[in-house]
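Participant: Sharing a structure below in structure tokens format, with a few things to ask.
Every number in this text was worked out from the coordinates using simple rules, so none of it is lab data. The shown structure was predicted, so the numbers you read here are calculated from the model rather than taken from an experiment. Ideal geometry is used to build each Cβ from the backbone, glycine not excepted, and the neighbour counts take in all protein chains shown.
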Amino acid sequence: MRTVKIFDSTLRDGEQSPGFSMTTKEKLKMARALETLGVDVIEAGFPAASPGDFDSVAKIAEQASEKCCVAALARLNKDDIDTAWRAVSRAKDPRLHVFIATSDIHLKYKLHLTKEELIDKIRTFVSYAASFTENVEFSAEDATRSDPEFLVEAYKTAVASGASIINVPDTVGYASPDDFSKIINRIKQDDALRDVPFSVHCHNDLGMAVANSLAAIRLGASQVECTVNGIGERAGNAAMEEIVMNLKVRKDHYDADTRIDTTKIMATSKLLSMITGVRVQPNKAVTGDNAFSHEAGIHQHGVMENRLTYEVMTPESVGLTENRIILGKHSGRHAFEDKLAEMGFTVPQEKLDVVFADFKVLADKKKHITDKDIEALLKNSLSDIPEIFKVDRYMISSSNMLSNTCCIRLLKNGVRTPEGTAMGGGPIEAAFNAINIATGYKILLAEYKIEAVTGGNDAQGAVSVRIRYNDRSFKGYGLDPNIFEASIKAYINAINNMINQTENQAVAQEGRDRR
């Protein structure tokens, strides 16, 4: 049975989609989880896109082990390739991933090139990339809408110029499995390409990303490009966990497997949700909350007799464990650590005291602590954002007869700020307006989400916000059984995130200026 490589683009294609941006520290944390999961290639980012992307790719490259290749994306031009190589060359196994579009519509309206000019560009710049490393991947953007004969010519030119692997992207999610199979078969018919390793990168605009990826695997794809939870541009990319579990469950059909440790799938999925603040849909395959839930009586009866009646894979196979340890206010540190391990989370020793202290505070407020409570607690407690501003005290007045008002005092680096007092259309708006006054920042609230972490009257409120300041967007997260306090914490967390990112960017720019 052959092994298919998993090329994970969560930190590149996934992260560049709206609502999924991550800080460098968050990307590093996610990269460590991906390597532990067992992915073969981490596409760490697009270094030429921004200074922040360059820094995150460089740091991921430095921390990656020999077991994991780190790829940097670059357009087919000298500046992009130079920048990508400077960032990724620090990896033990670096890859340059270069791309250019080959479809007629892209040639005419985006690139303004003839086919002859494009072939010459491929020849020139794939050769240039290959002068840095033998590990060069060439992608023909919008391959599935390209002329098949021209597509073959583009790939042959890339391979002759030094590309070691070619990628067939369904960039706009247009193809069906039949379409995709015809394209791949045409590529494989060419003598110059028959033995060249090929990869696929499928988008989900028509809901076919995983199906197309699996069709390619049956035709011999040596690598599939995908993302955790299927995040990505527009409707997303092929979901890594769905591809992996298809190969695991249907070995008889695909005769292929991966190096992925499937028992770490759920923990990786939850970590991504914790970092981005975007949860997967409940009915999502493999990682959705309902993936292993049964409500219909006939289903419940069948599962109780034999799980195989309605489950084609076990919850344990993807890292879901039975809730054996019940936590409450009398639980000790060892029980708490065991619970974290059972759930697949690893907390650094230097932060365990903070997390456990927050757990005890929560346990005093709630009778029973659920797995979802712990997931939310970890996200809240393990934030790497320095707490420049913290809540000192606040008072909110809300009524359908009087104005909604808030008076709040903060601590800035431990020093009390002047009180901020403001009104609003509701108590949350009043609180945010008061925080703006107390901090001195004129901030626009771009997005506000609140959800109950669990059911019941003692459920915690988890609030995610996105603010805008100086045409940049920053996210924040807050957690508390009191939804007003959770909202205040989230807004302040976003402001702290804004200050931290702005300062880090200034320091990084100063370092580049000196170089």
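Participant: Per DSSP helix of 4 or more residues, -39500 (n - 2.57); summed, then divided by the residues of the chain. What does that give at 222 nm, rounded to the nearest 500?
Facilitator: -13000 deg cm²/dmol
Participant: According to the square roots a ≥ b ≥ c of the eigenvalues of the Cα gyration tensor, what is the shape class of segment 95-194, taking rounded for a/c under 1.5, prolate for a/b larger than b/c otherwise, and oblate for the remainder?
Facilitator: It is oblate, given that a/c is not under 1.5 and a/b is not larger than b/c.
Participant: Tell me which lysines have Cα within less than 16 Å of residue 284's Cα, excluding those fewer than 8 residues away on the same chain?
Facilitator: 270
Participant: Taking the Cβ of residue 212 as the center, what net charge do the other residues with Cβ under 15 Å away carry, scoring Lys and Arg +1 and Asp and Glu -1?
Facilitator: Local charge sum for residue 212: -4.
Participant: On a C-alpha basis, how far is the centre of segment 135-203 from the centre of segment 60-95 in Å? Whole number, if you could?
Facilitator: 22
Participant: By average Cβ neighbour count within 10 Å, what is the ranking of 29-36, 469-476 from highest down?
Facilitator: Result, highest mean first: 29-36, 469-476.
Participant: Note down the net charge around residue 89, summing +1 for each Lys or Arg and -1 for each Asp or Glu among other residues with Cβ under 14 Å from its Cβ.
Facilitator: +1
Participant: Using a cut-off of 15 Å between beta-carbons, work out the net charge of the residues near residue 148 (Lys and Arg +1, Asp and Glu -1, residue 148 not included).
Facilitator: -3
Participant: Using a 10 Å cut-off around each Cβ, can you sort 467, 183 from fewest to most neighbouring Cβ atoms?
Facilitator: The fewest-first ordering by Cβ neighbours comes to 183, 467.
Participant: Under 19 Å from the Cα of residue 251, which lysines turn up, not counting those fewer than eight places away in the same chain?
Facilitator: Residue 251 reaches 5.
Participant: Taking other Cβ within 10 Å of each residue's Cβ, how do 73, 219, 247 sort, fewest first?
Facilitator: So the residues, fewest neighbours to most, are 219, 247, 73.
Participant: Additional query: Report, in listed order, any pair from 351/442; 110/475; 59/475; 360/489; 59/351; 59/372 with a Cα-Cα distance greater than 28 Å.
Facilitator: Check vs 28 Å cut-off fails for 351/442; 110/475; 59/372.
Participant: So how far, in whole Å, is the C-alpha centre of segment 372-428 from the one of segment 437-483?
Facilitator: Comparing the Cα centres of segment 372-428 and segment 437-483, I get a distance of 10 Å.
Participant: Taking neighbour counts of Cβ atoms within 10 Å as a proxy for exposure, in what order, fewest first, do 40, 79 appear?
Facilitator: Lowest count first: 79, 40.
Participant: Over 5 Å intervals from 0, what percent of Cα-Cα pairs in segment 2-276 sits in each interval?
Facilitator: Going out from 0 Å in 5 Å bins, segment 2-276 shows 1, 6, 14, 18, 21, 19, 13, 7, 2, 0 percent.
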